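To keep things clear, I will list the structure first and then write my remarks on it.
The values are calculated or read from the model by the stated rules, or taken from the named source; none is laboratory data. Computed from a predicted structure; not experimentally measured. Cβ: placed from backbone, ideal geometry, glycine included. Neighbour counts: every protein chain shown. Ligands, DNA and RNA are stripped out before the accessible areas are found, and what is left, the full protein with its side chains, is counted by its heavy atoms. Shrake-Rupley method; radii C 1.70, N 1.55, O 1.52, S 1.80 Å.
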Amino acid sequence: MRSSNPVFSRRGFGRDNGYAGFNTAPQAGGPAVATQANPYAQPTGNPYAQNPYAQQQQYGAPPQAPAAAGRMTIDDVVMRTGTTLGVLVVTAALAWALLPVDDANIGRSYGIGIGAALVAMVLGFVQAFKRKASPALILTYAAFEGVFLGVVSSVVDNRIADGAAMQAVLGTMAVFAGVLVAYKAGWIRVNRRFYGFVMAAALGFILLMAVNLLFAVIGGGDGLGFRSGALGVLFGVIGIILGACFLALDFKQVEDGIAYGAPREEAWLAAFGLTLTLVWIYLEFLRLISILNSD
């Protein structure tokens with residue numbers, strides 16, 4: 001299972017992974033053939049062997065794999081996601097409490113927060129390029145990401161907009177619930193076109209933010225102004241919408257992983273992807289609230 005986040009959408013189920021029932025390759029030029037080892041082979045093949053949206057689009061629920069020990073379930077995904085988010089929230093609360101952001105300490109606290117963010121980014125990339133999920137690596141990433149979020153949230157809440165952190169949390173929860181309801185109701189159809197649009201929009205958004213950051217470093221201020229004023233509000237809303245689209249992609253991949261009998265350890269990758277997406281949405285909400293409350 002690969003993450004739907006643009007930086008981390010590299011990993012997928014491959015033929016050499018050895019997942020029971022999905023490692024039988026079809027003959028060249030012909031459809032998959034059902035065998036005793038793989039009685040569930042479909043003409044479209046294993047959707048996890050490559051980009052799951054590059055195959056002929058399947059509508060409706062995929063065929064259910066037989067119940068077997070060691071297969072991923074929705075309970076596994078919920079538990080792993082809850083554990084990952086729990087570690088993130090605990091370290092964020094500790095950073096908020098132990099790293100003051102008054103005038104005398106804000107420089108040191110912010111420096112620790114930025115350092116933690118860089119470590120979390122490196123750990124995230126390491127996990128993204130690993131062939132298998134590493135629970136220790138994912139939880140360590142969550143811990144460092146939590147330190148960064150705790151410091152940033154404390155700065156915004158105490159120095160820019162009182163109550164901003166709680167507003168961002170509520171906004172993130174509302175987006176998660178809204179996308180989940182829309183996805184389960186069928187109002188959002190995740191297909192090849194949707195996937196391509198989201199990836200293209202995310203790439204453009206990230207490139208614009210990188211250019212803005214470069215101009216800010218060179219010329220000072222807010223660079224090209226993509227993160228302040230009316231333009232900043234617009235890009236904040238676009239960032240939240242992109243996060244909602246990432247959630248839909250995450251839900252689709254979790255649903256397909258369960259239906260096709262992904263191994264239980266893949267639940268950690270699902271938790272990793274969902275955590276990345278929720279952090280993205282939370283930070284966009286926090287940035288948007290900051291802009292709306294700045295002088």
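Tally the residues that are modelled with pLDDT under 95, among the small types (Gly, Ala, Ser) and loosely packed, with under 13 Cβ neighbours inside 10 Å, restricting the search to the stretch 159-176.
Adding up the residues that qualify gives 1.
Would you confirm, using the coordinates I've provided, whether VAL233 is touching a Cys at 6+ places or on another chain (Cβ under 6 Å) and in a helix (DSSP H, G or I)?
no
So how many residues does the stretch 226-252 have that are more than 23 Å from VAL190 (Cα to Cα) and open to solvent by less than 20 Å² (accessible area, probe 1.4 Å)?
Of the residues in the stretch 226-252, 2 are more than 23 Å from VAL190 (Cα to Cα) and open to solvent by less than 20 Å² (accessible area, probe 1.4 Å).
I'm checking my understanding of the structure. Among residues of the stretch 91-123 that are farther than 12 Å from GLY146 by Cβ and polar (S, T, N, Q), which one is surrounded by the most Cβ atoms within 10 Å (Cβ to Cβ)?
Result: SER109.
Say we look at the stretch 164-180 and pick out the residues that are under 19 Å from GLY273 (Cα atoms) and of a type in the set (A, V, I, L, M, F, W, C); which of these is nearest to the chain's Cα centre (by Cα)?
PHE176
How about the stretch 253-264: which of its residues are outside any helix (DSSP H, G or I) and either modelled with pLDDT of 90 or more or buried (at least 24 other Cβ atoms within 10 Å of the Cβ) (or both)?
TYR260, ALA262, PRO263, ARG264
Applying the selection to the stretch 186-222, what residues are part of a helix (DSSP H, G or I), of a type in the set (Gly, Ala, Ser) and at pLDDT below 90?
Of everything in the stretch 186-222, those that are part of a helix (DSSP H, G or I), of a type in the set (Gly, Ala, Ser) and at pLDDT below 90 turn out to be ALA210, ALA216, GLY219.
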